[in-house]
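The values are calculated or read from the model by the stated rules, or taken from the named source; none is laboratory data. Values in this document were obtained by computation on a predicted structure and should not be read as measured data. Note that we place each Cβ from the backbone using ideal geometry, even for glycine, and neighbour counts take in every protein chain shown.
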Amino acid sequence: MVAGRPQIYTQEFIEKEADALLEWVQVESNMYLSKFAFDRGYSTKRLEEFPHANVKFSGALDLAKDFLNYKVRERLNSATYNERMALRDITNFDYLLKRSERGDMEFASKLKQKEIAAQAETLDKLAQKAKDGDLSQK
């Protein structure tokens, strides 16, 4: 578990949201992840946080994004979708996808920074022990 603020959403809750997302995305009229979050009672920011907290939700979100992308392009190709609307939706979708990818990179970077800090702390302790002559010979 990551230190910091207390966990608001349990793993069980997030997994239920993953199932709900997969059901929601299959409804033809559902096109916007922000609408899903709003309908579920939380910020779209949670859609960026949940994948880091739960593998099941991460997979569900990836599938939902792929399916939404497919729905937009299918509507555009079938001429049942206004081209300007489609371009706007694709732009919004791409923005969310890129924002999510940026979030993934930032998350990985923070984990790496913590790992490096922990290694540096260990090395500092060893260096201090060596300086104090406290290292035991084995």
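Would you list the helices (runs of 4 or more DSSP H) that sit entirely within region 11-67 and hold 3 or more residues that are of a type in the set (F, W, Y) and surrounded by 14 or more Cβ atoms within 10 Å (Cβ to Cβ)?
none
If I ask for residues that are surrounded by 12 or more Cβ atoms within 10 Å (Cβ to Cβ) and either in a helix (DSSP H, G or I) or at pLDDT 85 or above (or both), which ones from region 75-85 would you list?
Answer for region 75-85, where residues must be surrounded by 12 or more Cβ atoms within 10 Å (Cβ to Cβ) and either in a helix (DSSP H, G or I) or at pLDDT 85 or above (or both): R75, L76, M85.
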